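Enquirer: Below you will find the structure I want to go over with you.
Nothing in this text is a laboratory measurement; each read-out follows from the coordinates by a stated rule. Predicted, not measured: the structure shown is a model, and the values here were computed from it. Here the Cβ is made from the backbone with ideal geometry for all residues, glycine too, and neighbour counts use every protein chain on show.
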Amino acid sequence: MDTRETLLNAALKVLEEDGEAQFSTRRICAIAKVTAPTLYHHYGSADGLLSAAIAEAFAQFLASKQTAVQSADPVIALREGWNDYVRFAAARPRLYAAMMSRVLGGADIPAAAQAFALLIERVGAIAATGRLAPGVAEAADLIWASANAASLLHVTARLRCVAPPVANTLERIREEAMRSILTSEAKGLSQ
């Protein structure tokens with residue numbers, strides 16, 4: 001593993017274990033066993049490394065989304081993608097929070113845009129079968145919002161002093177969103 005990759009992995013480790021608030025040059029350099037000038041040589045600044053780590057996290061997220069879907073049925077495929085989204089946030093809540101923070105801050109992250117485009121594509125496949133009730137954009141927004149809401153239950157569990165959400169709660173959130181976008185016939189067929 002080269003120094004650049006070692007620094008990137010150290011940054012991801014800090015984001016996953018401690019969150020963005022604890023992201024510091026000193027901590028990253030200690031984990032990577034390099035000096036600060038080495039970090040600056042490869043990434044220009046701590047923010048440059050943070051941006052690269054977030055971009056890598058989105059690339060990992062996108063790769064997961066692309067392989068998670070196994071079904072040829074677009075409704076089932078959308079559920080599989082939704083489940084994968086929430087699993088990612090559940091497994092890596094601090095990293096997920098940092099990723100969303102960057103998106104909300106207006107960062108241009110190609111893999112994030114590609115992941116949303118993948119959602120649009122999957123919802124469009126449902127529309128092509130005549131099983132989508134609203135328009136593609138509205139349906140995609142509803143699914144994206146429900147996946148983020150379910151993910152935030154994982155991210156905020158400690159804040160709320162509760163255990164992470166149970167599968168039944170997550171399933172209810174997903175299925176309410178699915179019911180809101182499917183036609184009457186599709187609701188009966190996809191359960």
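Enquirer: Please give the charge dipole size of the range 51-189, origin at the Cα centre, charges +1 on K and R Cβ atoms and -1 on D and E Cβ atoms. Round to the nearest 20 debye.
Expert: With Lys and Arg at +1 and Asp and Glu at -1, about 460 debye.
Enquirer: If you average the C-alpha positions of the range 63-105 and of the range 141-181 separately, how far apart do those two centres end up, in angstrom?
Expert: When both Cα centres are located, 12 Å separates them.
Enquirer: R0 = 25 Å: FRET efficiency of T156 with K13, Cβ-based, nearest 0.05?
Expert: Using R0 = 25 Å, I get an efficiency of 0.65.
Enquirer: Can you tell me the FRET efficiency between E171 and S64 if r is taken as the Cβ-Cβ distance and R0 is 22 Å, rounded to the nearest 0.05?
Expert: 0.65
Enquirer: Just to be sure I understand: if I project the alpha-carbon convex hull of the range 51-189 onto a plane and average over all orientations, what area do I get in nm²?
Expert: The Cα convex hull of the range 51-189, projected and averaged over all directions, gives 8.3 nm².
Enquirer: Hydropathy first: keep DSSP H helices in the chain averaging at least 0.0 on Kyte-Doolittle, then drop any whose Cα extent along the axis falls short of 20 Å, and list what survives.
Expert: Span-like helices here: 46-68, 74-91, 110-128, 136-155.
Enquirer: Let me ask something else about it. Restricting to DSSP loop positions (anything but H, G, I, E, B) with no more than 12 other Cβ atoms inside 10 Å of their own Cβ, which trypsin sites (Lys or Arg not before Pro) remain in the range 19-59?
Expert: Answer by residue number: K33.
Enquirer: Still on this structure, please answer the following. Using +1 at the C-beta of Lys and Arg and -1 at the C-beta of Asp and Glu, which of I54, L159, L104 has the Cα lying farthest in the positive direction of the dipole of the chain?
Expert: About the Cα centre, the residue reaching furthest to the positive side is L159.
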